[in-house]
1. Can you find, within region 17-31, the residue that is nearest to Gln42 (Cα to Cα) among those that are at pLDDT below 90 and surrounded by fewer than 15 Cβ atoms within 10 Å (Cβ to Cβ)?
2. Please specify each residue of region 23-71 satisfying the condition of being in contact with an Asp or Glu (Cβ under 7 Å, 6 or more places away or on another chain) and not in a helix (DSSP H, G or I).
3. Find all pairs meeting these conditions: Cβ atoms under 8 angstrom apart; at least six residues apart or on different chains; first residue within region 17-31 and farther than 12 Å from Leu76 by Cα; second residue aromatic (Phe, Trp, Tyr) and part of a strand (DSSP E or B).
4. Among the residues of region 73-81, is there at least one that is surrounded by 12 or more Cβ atoms within 10 Å (Cβ to Cβ), more than 18 Å from Val14 (Cβ to Cβ) and of a type in the set (Gly, Ala, Ser)?
5. Could you list, ordered by first residue, the pairs with Cβ atoms under 8 Å in which the first is in region 65-92 and free of Cβ contacts under 8 Å to residues at least 24 places away in the same chain and the second is surrounded by 10 or more Cβ atoms within 10 Å (Cβ to Cβ) and among the small types (Gly, Ala, Ser), at least 6 apart or interchain?
6. Say we look at region 47-60 and pick out the residues that are crowded, with 18+ Cβ neighbours inside 10 Å and of a type outside the set (D, E, K, R); which of these is nearest to Pro90 (Cα to Cα)?
Amino acid sequence: MSESGGVAAADQGVKTNKYKGVQVYGRMDKEGRPGIVDAIDQDERAINEIADRLQRRGFGVMRKRDPRSGKVYYILKAQWVGQGEPPEHPLD
């Protein structure tokens, strides 16, 4: 992903990174590539920027506004729909 080194949680098949201050999670497929990427944050602009980048790379992206306990969070869930394997670092 980018902007900071990733920490792999091998037992969960999850790789986490921060991008534009937002924690981004990559769910690994059987080849060890992030086929599913998701994030949640209160920064709508950052979530939209991440979603746009993923969409340009070949991911199908769902964006959602989610009010919770007086705060508004923005959620993105992306799944690889492009041809071939998903990129190893989807946000690079």
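The values are calculated or read from the model by the stated rules, or taken from the named source; none is laboratory data. This structure is a prediction, so every number in the text was calculated from the model and none was measured. Ideal geometry is used to build each Cβ from the backbone, glycine not excepted, and the neighbour counts take in all protein chains shown.
1. Asp29
2. So in region 23-71, the residues in contact with an Asp or Glu (Cβ under 7 Å, 6 or more places away or on another chain) come out as 25, 31, 33, 35, 47.
Tyr25, Glu31, Arg33, Gly35, listed by residue number.
3. Here the result reads Asp29/Trp80, each pair linking region 17-31 to a residue that is aromatic (Phe, Trp, Tyr) and part of a strand (DSSP E or B).
4. So the first thing to find is which residues in region 73-81 are surrounded by 12 or more Cβ atoms within 10 Å (Cβ to Cβ), and the list is 73-81.
After this cut, where a residue has to be more than 18 Å from Val14 (Cβ to Cβ) as well, the list is 73-74, 81.
So of that shortlist, the ones also of a type in the set (Gly, Ala, Ser) come out as none.
Checked region 73-81: no residue is surrounded by 12 or more Cβ atoms within 10 Å (Cβ to Cβ), more than 18 Å from Val14 (Cβ to Cβ) and of a type in the set (Gly, Ala, Ser).
5. If the second residue must be surrounded by 10 or more Cβ atoms within 10 Å (Cβ to Cβ) and among the small types (Gly, Ala, Ser), the pairs left are Val81/Gly58; Val81/Gly60.
6. Out of the qualifying residues, it is Leu54.
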